[in-house]
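This report concerns only the one structure given below.
What follows draws every value from the coordinates through simple rules; no lab data is involved. Not measured: the values here are computed from a predicted model. Positions of Cβ are backbone-derived with ideal geometry, glycine not excepted, and every protein chain shown enters the neighbour counts.
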Amino acid sequence: MPMLNRATQFLQRFRRDEEASATIEFVMLVPLVMWIVFSVIESGWLSTQQTMLNRGMNLAVRDLRLGRRPNPTADDIKQDICNYAGILRNCMANLTLELVEISDPIGGLTAVCVDRASAIDPVVAFDAGSHLDQDIMVARACYIVDPLIPGAGFGAALPKDPTGGFHMVAFSAFVNEPGA
């Protein structure tokens with residue numbers, strides 16, 4: 001019985017004690033605040049990379065439209081995208097460029113991305129100026145980016161491929177002019 005009294009007295013003292021109440025609030029709120037901080041950092045970095053991928057694609061296709069690149073290959077265009085994008089890490093390895101001639105502009109096409117689990121690149125057939133007619137070409141670039149903080153915040157919620165990368169896709173179109 002004396003043991004029960006001591007336990008009851010201890011619990012009553014513990015309930016009245018207010019010395020560590022701020023610590024409990026801190027422990028409850030810190031995970032939420034850290035999740036918000038990590039999410040803001042991650043979404044800002046992903047947004048910046050997506051913007052730079054779009055910029056690289058637009059400038060590279062602009063060079064094609066203006067004829068600044070004589071007889072470019074798909075690798076030349078891919079290199080231009082990476083050069084213009086600037087901040088994309090390991091861009092040539094993580095970027096897939098797909099050039100598709102469009103006969104039906106409304107057709108549902110899906111983007112092809114780099115399979116980092118294997119070293120196979122998709123076959124891309126592009127020969128600037130090889131057609132007699134003006135063909136509409138759609139250029140799609142898919143860049144695989146690794147989240148900065150993969151297990152926390154927004155980075156944990158992103159849809160990822162088997163290697164843990166997130167797919168960013170940029171589109172553009174141009175007319176493949178006949179050769180001179």
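First measure r as the distance between the Cβ atoms of residue 171 and residue 71, then evaluate 1/(1 + (r/R0)^6) with R0 = 25 Å and state the FRET efficiency to the nearest 0.05. Walk me through the numbers on the way to the answer.
Values: r = 23 Å, r/R0 = 0.94.
Once the sixth-power term is evaluated, E becomes 0.60.
Each residue of segment 69-81 in order: what ³J(HN,Hα) in whole Hz does its phi give by Karplus 6.51 cos²θ - 1.76 cosθ + 1.60, θ = phi - 60°, with x for Gly and Pro?
With coefficients 6.51, -1.76 and 1.60, one gets 10, x, 6, x, 9, 4, 5, 5, 5, 4, 5, 4, 4 Hz.
Tally Lys and Arg at +1 and Asp and Glu at -1 over the other residues with C-beta under 14 Å from the C-beta of residue 145: what net charge comes out?
0
Calculate the spin-label point distance for residue 16 paired with residue 35, positioning each point 7 Å from the Cα along the beta-carbon direction, and give it in nanometres.
Label-label distance for residue 35 and residue 16, simple model: 3.8 nm.
Say each of residue 48 and residue 102 gets a label point 7 Å from the Cα, pointing the same way as Cα to Cβ; how far apart are those two points in nm?
3.2
Going by how many other beta carbons lie within 10 Å of each one, how would you line up 92, 168, fewest first? The partial results should precede the final answer.
Numbers: 92 11, 168 22.
So the residues, fewest neighbours to most, are 92, 168.
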